[in-house]
Amino acid sequence: MVRLLEDFEAPYAGIPTFLKFPHVNIKDIESLRNVDIAILGVPLDETTTHRSGAKMGPRAIREASTSFSGYSLRSKFDLNDLTIIDVGDVPVIPGNVEKSHKAIYETVKQLIKKNITPAIIGGDHSITYPAIKAHEILKEKIGVIWVDSHLDFDDEYPPGQLYSHSCSLRRTSELPFIDPTNIVVIGYSGYASHPEHEEEVDEAGISMFSIYDIREEGLEKVAKKSVEIATKNTTSFYLSVDIDVLDPAFAPGSGLHEPGGLTPWELFKMLAILGHQRVAAMDLVEVSPPYDSAGITASNATAIIIETLAARMKYVINTK
Ligand SMILES: [Mn+2]
């Protein structure tokens, strides 16, 4: 490939969209044709119950991404071979979770209607519920794979709060087009939980692979089983990745540390399977840049998004 000096831009120069893909205002997507993926930021952290800062996540991850080429050696797939746009951020309203969640719901719905795969950058984990709810326009059942060191299954946390990041999986499981038997949580480690949380998830019919299950059964086996669960009688699933599934050594900038988490290598290996052709949309949440060190968390977050999208698109193209 011949590269011309006049087309060169240093990684740290210019406007940092995700992987420097072109920015398109969400208002202008109507006229677009054949867009594969849209990067959408959700700078919202109003519902964090421990360490805040995830509203700075989208910007930090975009900036970190400028040092990446978009190629996944693992999947041997280059995201630059696709049509990917960065549609900027959801117009969130600071201090107003309800209106912000409504804005997430509407924006994601717009992308789904255009048949564009949303790749969403949070934000705290509360943003996943409205993003999944937007899939109701598909008018079919979808599965959910929730990669997280927490279960996010509180009914109300804090008391009276139904839509915080601690309740997002519970609210998701209540959606009429989601059968809890198509939901699977991967990476749960339990230090912030109580035994009744596990019982509640189990009683709801949701599958769970704890950090111990992953290490005992093996990464690939758990990932394959998870895809089977999420796709049983569904045509697609939503993949949500909470950065705190990584050990704090690899993700110091997260909303709540859980010691003993996955290494990036372990997670990427799983994502090569979880980034299945049936992924309807993905998100990466809970990166808190003020607590990050040397941009480690934002870099790992970027790699998570690249590995997932590269694996999925490789599947899609190979099965066309
Ligand atoms: Mn979470």
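Against the definition (surrounded by fewer than 23 Cβ atoms within 10 Å (Cβ to Cβ), aromatic (Phe, Trp, Tyr) and in contact with an Asp or Glu (Cβ under 7 Å, 6 or more places away or on another chain)), how does TYR191 come out, yes or no? Spelling it out, TYR191 is indeed surrounded by fewer than 23 Cβ atoms within 10 Å (Cβ to Cβ), aromatic (Phe, Trp, Tyr) and in contact with an Asp or Glu (Cβ under 7 Å, 6 or more places away or on another chain). Scanning region 260-287 for residues that are part of a strand (DSSP E or B) and farther than 14 Å from ALA223 by Cα yields a total of 7. Listed by position, the strands (runs of 3 or more DSSP E) inside region 135-243 whose residues that are more than 14 Å from the ligand (Cβ to nearest atom) and more than 21 Å from ILE120 (Cβ to Cβ) number at least 2 are 207-210.
Of all the residues in region 50-79, those that are part of a loop (DSSP other than H, G, I, E, B) and closer than 19 Å to PRO22 by Cβ number 5. Just one of the listed residues (THR83, THR49, THR66) is open to solvent by 10 Å² or more (accessible area, probe 1.4 Å), under 20 Å from LEU246 (Cβ atoms) and not acidic (Asp, Glu), namely THR49. For region 122-130, the condition of being open to solvent by 20 Å² or more (accessible area, probe 1.4 Å) and farther than 26 Å from VAL222 by Cβ holds for none of the residues. Considering only region 151-163, I want to know if a residue exists there that is farther than 24 Å from VAL279 by Cβ and of a type in the set (Phe, Trp, Tyr). Checked against the condition, which is being farther than 24 Å from VAL279 by Cβ and of a type in the set (Phe, Trp, Tyr), region 151-163 yields at least one hit.
Residue check, SER207 against (1) of a type in the set (Ser, Thr, Tyr); (2) touching a Phe, Trp or Tyr at 6+ places or on another chain (Cβ under 9 Å); (3) crowded, with 19+ Cβ neighbours inside 10 Å, all met but one. Which one? Single failed check for SER207: (2).
No other residue among GLU220, GLU258 is more than 17 Å from the chain's Cα centre (by Cα), of a type in the set (Asp, Glu) and surrounded by fewer than 20 Cβ atoms within 10 Å (Cβ to Cβ) apart from GLU220. Filtered by the rule that a residue be of a type outside the set (Phe, Trp, Tyr), open to solvent by 10 Å² or more (accessible area, probe 1.4 Å) and in a helix (DSSP H, G or I), region 288-305 gives PRO289, PRO290, ILE296, SER299, ASN300, ALA303.
The values are calculated or read from the model by the stated rules, or taken from the named source; none is laboratory data. Just so it is clear, the structure is predicted and the values come from calculations on it, not from any experiment. Please note: Cβ atoms are built from the backbone with ideal geometry, for glycine as well, and neighbour counts cover all protein chains shown. For accessibility, only protein heavy atoms count, side chains too; no ligands or nucleic acids. Shrake-Rupley method; radii C 1.70, N 1.55, O 1.52, S 1.80 Å.
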